[in-house]
Ligand SMILES: C[S@@+](CC[C@H](N)C(=O)[O-])C[C@H]1O[C@@H](n2cnc3c(N)ncnc32)[C@H](O)[C@@H]1O
């Protein structure tokens with residue numbers, strides 16, 4: 001296995017003010033409660049919709065919302081000036097989609113949560129992004145083979161393993177010839193027992209399977225200031 005490149009962005013390790021971190025603990029606790037309850041039901045991903053609705057459009061209630069595009073996507077985009085058709089998978093509140101739109105991509109963004117899609121559409125109404133409700137487990141047929149760029153940020157790590165292994169093989173087929181797949185998330189420290197999720201940090205072994213049949217372009221990992229844990233960016237190209 002090729003060792004991942006490891007360029008630490010920053011390692012300041014600053015603690016946020018206590019009251020903010022108390023609020024985040026509460027938000028995270030509520031998320032875990034919702035996710036655990038849904039996991040044993042016949043709709044294990046239904047908690048995403050419940051959580052977005054429960055927030056009453058207060059971004060502080062969405063534990064994964066960074067209110068900005070992911071820095072690894074921004075960094076990738078600076079080094080890769082291509083554009084064309086992009087698909088953002090599990091787009092949440094749409095910051096990555098809006099960033100790519102501003103960079104000149106023609107963007108489709110989908111999420112399993114109808115409320116997330118409507119909220120993102122409202123937040124980014126000055127863009128021409130094509131928003132859709134969709135499920136990576138069963139992507140629209142006319143998305144297959146269509147995209148020059150497919151971006152997945154923090155979604156594989158947010159879904160339980162038995163669903164993740166069924167959803168992840170659906171990413172590569174969305175690419176057009178010559179297209180690029182960018183996956184970003186938490187990287188597992190294989191020397192430690194991981195905490196139970198969500199989120200679940202992912203291993204390079206798992207990520208290798210995501211890119212099966214594609215040409216590996218990059219495996220990058222680094223820490224991000226004020227964010228927990230090591231993060232990866234894995235990039236592949238379709239021949
Ligand atoms: C942890 S959030 C990340 C959201 C966004 N990518 C971000 O980085 O802010 C995971 C997102 O994936 C969506 N999601 C979960 N399962 C999905 C699926 N099977 N298909 C599409 N979206 C899904 C959730 O609704 C949620 O918005």
State, to one decimal in nm, how far the label point of residue 227 lies from the label point of residue 65, with both points 7 Å from Cα in the Cβ direction. 1.7
Gained length - residue 163 relative to residue 74, 0.36 nm times residue gap less alpha-carbon distance: 29.2 nm
In nanometres, the difference between 0.36 nm per residue of separation and the alpha-carbon distance of residue 208 and residue 82 is 42.9 nm
Under the rule of -39500 (n - 2.57) per DSSP H run of 4 or more residues, summed and divided by the residues of the chain, what mean residue ellipticity at 222 nm is obtained, to the nearest 500 deg cm²/dmol? -9000 deg cm²/dmol
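If you take the beta carbon distance between residue 170 and residue 106 as r and set R0 to 22 Å, what does 1/(1 + (r/R0)^6) give as a FRET efficiency, to the nearest 0.05? All intermediate terms of the calculation are to be shown ahead of the outcome.
Numbers: r = 21 Å, r/R0 = 0.96.
That gives a FRET efficiency of 0.55.
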How high is the relative contact order of the range 16-116, given as a whole-number percent (alpha carbon pairs under 8 Å, six or more residues apart)? 24
Sequence-separation-based contact order of the chain, relative, with Cα cut under 8 Å and 6+ spacing, percent: 20
Which one of 130, 42, 58 has the biggest mean-square fluctuation once the chain is modelled by GNM with Cα springs under 10 Å? 42
Shape call for the range 188-235 from the C-alpha gyration tensor, a ≥ b ≥ c root eigenvalues: rounded (a/c under 1.5), prolate (a/b greater than b/c) or oblate? oblate
Output needed for the chain: three equivalent-ellipsoid semi-axes, defined as square roots of 5 times the C-alpha gyration tensor eigenvalues, in descending order, whole Å. 25, 22, 19
Between residue 39 and residue 133, how high is the FRET efficiency from 1/(1 + (r/R0)^6) when r is the Cβ-Cβ distance and R₀ = 30 Å? Nearest 0.05. 0.90
Between residue 126 and residue 24, what FRET efficiency comes out of the Förster formula 1/(1 + (r/R0)^6) with R0 = 22 Å and r the beta carbon distance, rounded to 0.05? 0.15
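Throughout, read-outs are computed from the coordinates displayed, never taken from laboratory work. Because the structure is a prediction, the values reported are computed rather than measured. Note that each Cβ is placed from the backbone with ideal geometry, even for glycine, and that neighbours are counted across all protein chains shown.
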